[in-house]
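Trainee: The following block contains the structure, expressed as structure tokens.
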Amino acid sequence: MKREDVRVAVLLLEGTNCEDESAAYFRLLGAQAEKIHLKQFTGEAPPEFRRRLADYDILMIPGGFANGDYVRAGAIFAARMKSKLAGELEDFVRSGRPVLGVCNGFQVLVEAGMLPALGATIAATPEAVLATNDSAHYECRPSYLKHENGGSCAFTRRLKKGDRVVFVSAHGEGKFLLPKEREKELLKELAANDQVVFRYVDEGGRPAGYPWCPNGALDNIAALCNREGNVFGVQPHPERAFFRYLHPDWTRGADPDAAGDGRVIFESALDFVMAKS
């Protein structure tokens, strides 16, 4: 498959944001990208607007506050997806096609049982949660992230283990937590499965607390993938660091139009699809 043949669905609902630039960046890299409302996949749209998930190679759920984040962040979006698309989603994931959730999208994947997905492709109930930040308010700042994955994640294969990147945190509920009674056991399982992709670190690459870790996440976890590596959720926004001029230090000598740290996520996904086809 050539890059221009790769089809990307950027899924949205009321309250989604960053869908425009996410689709635009996939197009900039040569792929076909379409913004699609969930109702277009569930058959609740006029026939000419309906789409089939199976016709796409990559699914992205962008950031925002879908459905106002009522109940919990991402909970309503996840419930609406699972109520109408559970079978199609499971087929999509089982086929090995990449699924990307950014910020609110990560919250949706967790609420849908698609991450960490320790017991099934899509768990019947959530196995983790992205809870309210320790600061109890919205945090928006550049975040240093250390790449912890050994090569299984489809979205970071252009990175080496130990590489550091800067993405942009912008969330009120980004604190990754596991069930308290199984916390240590599940952390070991995530590490053994190579499912931890990024951790929050300070500018020297060391695990650190607030403000380096903006939310108080367990074990400083900022991003996870499933066991197979094709479902990936990341809390800070890579699309907000797609170009060098989007970085906070963009005036310090580098070409402002050069690639930013976030571009690697998009490029790795396209590489993965082309290599797999």
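Trainee: What ³J(HN,Hα) values, in whole Hz, does the Karplus curve 6.51 cos²θ - 1.76 cosθ + 1.60 give for the stretch 200-214 when θ = phi - 60°, with x put for Gly and Pro?
Mentor: Residue by residue, the stretch 200-214 yields 5, 9, 8, 5, x, x, 9, x, 8, x, 4, x, 4, 9, x Hz.
Trainee: Using amide H atoms built in the peptide plane, which far-off residues or other-chain residues are under 5 Å from residue 36 H to H?
Mentor: Sorted by chain and number, the residues that satisfy this are 10, 11, 12.
Trainee: Rounded if a/c is under 1.5, else prolate if a/b beats b/c, else oblate: with a ≥ b ≥ c from the C-alpha gyration tensor eigenvalues square-rooted, which is the stretch 118-163?
Mentor: Details: a/c = 3.19, a/b = 1.07, b/c = 2.98.
Oblate, because a/c is 1.5 or more while a/b does not exceed b/c.
Trainee: Another question about this same structure. Based solely on its DSSP helices, what 222 nm [θ] is calculated for the chain when runs of n ≥ 4 H residues each add -39,500 (n - 2.57) and the sum is averaged over all residues, nearest 500 deg cm²/dmol?
Mentor: Theoretical 222 nm ellipticity from helices: -7500 deg cm²/dmol.
Trainee: Calculated FRET efficiency, residue 124 and residue 44, Cβ-Cβ r, R0 25 Å, to nearest 0.05?
Mentor: Computed FRET efficiency for residue 124 and residue 44 comes out at 0.55.
Trainee: What translational D, rounded to a whole number of µm²/s, comes out for the stretch 1-71 from Stokes-Einstein when the hydrodynamic radius is the Kirkwood one over Cα pairs, at 37 °C and 0.692 mPa s?
Mentor: 258 µm²/s
Trainee: Under a straight-distance cross-link criterion of Cα-Cα below 23 Å, which lysines are reachable from residue 188, leaving out those fewer than 8 residues away in the same chain?
Mentor: List returned: 146, 160, 161, 175, 180.
Trainee: Starting from the Cα of residue 84, draw a straight line to each of the lysines and keep only those under 24 Å, dropping any in the same chain fewer than 8 residues away.
Mentor: Cα-Cα hits under 24 Å: 35, 39.
Trainee: On to the next question. So which cysteines in the chain don't have a second cysteine's C-beta under 4.7 Å from them?
Mentor: 18, 103, 140, 213
Trainee: Using unit Cβ charges (K, R positive; D, E negative) and no other charged atoms, how large, in debye to the nearest 20, is the dipole of the stretch 146-277 about its Cα centre?
Mentor: On the way: 19 positive and 19 negative charges, 39 e Å.
Dipole size: approximately 180 debye.
Trainee: Right, here's the next one. Work out the P(r) tail for the stretch 3-276: percent of alpha carbon pairs separated by more than 36 Å, whole number.
Mentor: 8 percent
Trainee: With contacts defined as alpha carbon pairs under 8 Å and 6 or more residues apart, what's the relative contact order of the stretch 3-276 in percent?
Mentor: 18 percent
Trainee: What is the list of residues in the stretch 10-41 whose amide nitrogen lies under 18 Å from a point 7 angstrom out from the Cα of residue 3, following Cα to Cβ?
Mentor: Within reach of a label on residue 3: 22-34.
Trainee: Same structure, new question: Can you pull a Stokes-Einstein diffusion coefficient for the stretch 64-147 at 10 °C (1.306 mPa s), Rh from Kirkwood over Cα pairs, as a whole number of µm²/s?
Mentor: After rounding, the answer is 115 µm²/s.
Trainee: Can I ask one more? Net charge within 9 Å of residue 38 by Cβ-Cβ distance, Lys/Arg positive one each and Asp/Glu negative one each, not counting residue 38 itself?
Mentor: Details: positive: 39, 80, 84; negative: 44.
Around residue 38, the charge tally is +2.
Trainee: How much length is gained if the chain between residue 189 and residue 141 is pulled fully straight, taking 0.36 nm per residue apart and subtracting their Cα-Cα distance, in nm to one decimal? Working shown, then result.
Mentor: Numbers: separation 48, 0.36 × 48 = 17.28 nm, distance 3.04 nm.
Result: 14.2 nm gained on full extension.
Throughout, read-outs are computed from the coordinates displayed, never taken from laboratory work. These figures come from a predicted structure and were not determined experimentally. Cβ atoms come from the backbone with ideal geometry, glycine included; neighbour counts cover every protein chain shown.
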